[in-house]
1. Roughly to the nearest percent, how much of the accessible area of the chain is carbon and sulfur, given a 1.4 Å probe?
2. Need one word for the range 212-254: rounded, prolate or oblate. Basis is the Cα gyration tensor (sqrt eigenvalues a ≥ b ≥ c); a/c below 1.5 gives rounded, then a/b vs b/c decides.
3. Hey, with R₀ at 25 Å, roughly what FRET efficiency would Lys257 and Arg233 work out to, going by the Cβ-Cβ distance, to 0.05?
4. By how many degrees, between 0 and 90 and to the nearest 10, does the Cα long axis of helix 238-247 differ from the longest principal axis of the chain?
5. Given Lys8/Lys166; Lys166/Lys191; Lys81/Lys148; Lys8/Lys104; Lys57/Lys257; Lys81/Lys166, which pairs have Cα atoms separated by over 19 Å?
6. The range 5-114: which GluC sites (Glu not before Pro) are DSSP loop and have at most 10 other beta-carbon atoms within 10 angstrom?
7. Would you be so kind as to identify which of Ala171, Gly229, His101 lies farthest towards the positive end of the dipole of the chain, taking Lys and Arg as +1 and Asp and Glu as -1 on Cβ and the Cα centre as origin?
8. Just to be sure I understand the curve: with the Debye formula and one point per C-alpha of the chain, what is log10 I(q)/I(0) at q = 0.10, 0.17 Å⁻¹?
Amino acid sequence: MEPQDLTKVVLLACGSFNPITNMHLRMFELARDYLEDTGQYIVVRGIISAVGDGYKKKGLIEACHRVDMARLATDTSDWIKVDAWESQQPEWVETAKVMRHHYKELMTAEQNNDYVDTAKKRRIEATKHAFEDPSSYHTRRDNGPQLKLLCGADVLESFGVPNLWKHEDIAEIVGRYGLVCITRNGCDAHKFIHQSEVLWKHRKNIHVVREWVTNEISATHVRRALGRGQTVRYLLPDPVVSYIREHGLYSAESEQKNADVVLAPLQRHTGPSSS
C-alpha cells in the first residue's frame, strides 16, 4: 500500500500515570510497530490522558503533578503528546466520554486541514455528529483517521469487574473505536475475550499485541519503592525521577490518600442513578 492509502490511527492511553513509567511509553512503541506491520495502518499520534483527581483511587496524587511528569517523559518524543483535558475536569469522566472528546477533536483537526476537499469535509462532519450520539456507535466511519484505546491486559480484564464499567461503555469503546491491548505475564487476553460476549462480538476490532521482551514495571511497585526511600532510576525517565525528588512526591503517607474513599466508578455505577 502507498502511504496515502493507509488508515491513519491515533492511539489514546487513559489511566492514572501515577507516576508515568518507561513501560507506559513502551506500550505506545509496541502498538505502533504492531499496527504498522499489518500494512493497513499508519500511526500518526499518541495521546496520554491522565485521569482527574475525582477518580479517588488510593494513593492517587494531584493531577497537576501527574500531567507535568507525563509531559517531561514525552518531551523527546516526536509523536506522543500529553492532553490535560480529562485531568482538568472537576469530576471523574468515563473513558467512553474521554474518547468521544478526543474523536471530536480529531475530526475537527482533520476537517480544518487545507488539503481536505469539500466532499470529504461533509463526510467528516457527518461522522463527527454521529459519534457525538452514544446510541449510534454502529455508524460506519469513512476512511478518515481512527482513534483506538491503548491499554494493558489488566485494563481489558477490568471490564469484568462488577460496576467498574458500564456495559454500554465497553460496547462503545470496542465497537465504535477499537482497542489495542498489550499483553503481560499472567494475563490471557485471548481467553478473556473468548469468555466475554461483548468483547467476542467486537473481537475483530481488538488488537492483542504480545510483548516478547517482558517488562513488569508497575507504578504500584514504583510508589512502594519511593515510599521506602529506594531508587527507581531506570524504571522511570530521568526527568520524572528528578521531578519526584524535587517535589517530594510519593511517601507512605501519600499512599494512604483516598484509602477510605470508594472509587468514583463504583460510587456512580452503584448509586441510585445507575438503576
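1. That share works out to 47 percent.
2. oblate
3. 0.50
4. Roughly 50 degrees between the two axes.
5. Cα-Cα > 19 Å for Lys8/Lys166; Lys166/Lys191; Lys81/Lys166; rest within.
6. In loop regions of the range 5-114 (DSSP not H, G, I, E or B), the sparsely surrounded GluC sites (Glu not before Pro) are Glu91.
7. Of Ala171, Gly229, His101, it is Ala171.
8. For the chain, the Cα-only Debye profile gives -0.54, -1.55.
The values are calculated or read from the model by the stated rules, or taken from the named source; none is laboratory data. Computed from a predicted model, the values in this text were never measured in an experiment. Methodologically, a virtual Cβ is constructed for each residue, glycine included, from the backbone with ideal geometry; neighbour enumeration extends over all protein chains shown. Note: areas computed on protein heavy atoms with side chains; ligands, DNA, RNA excluded. Shrake-Rupley method; radii C 1.70, N 1.55, O 1.52, S 1.80 Å.
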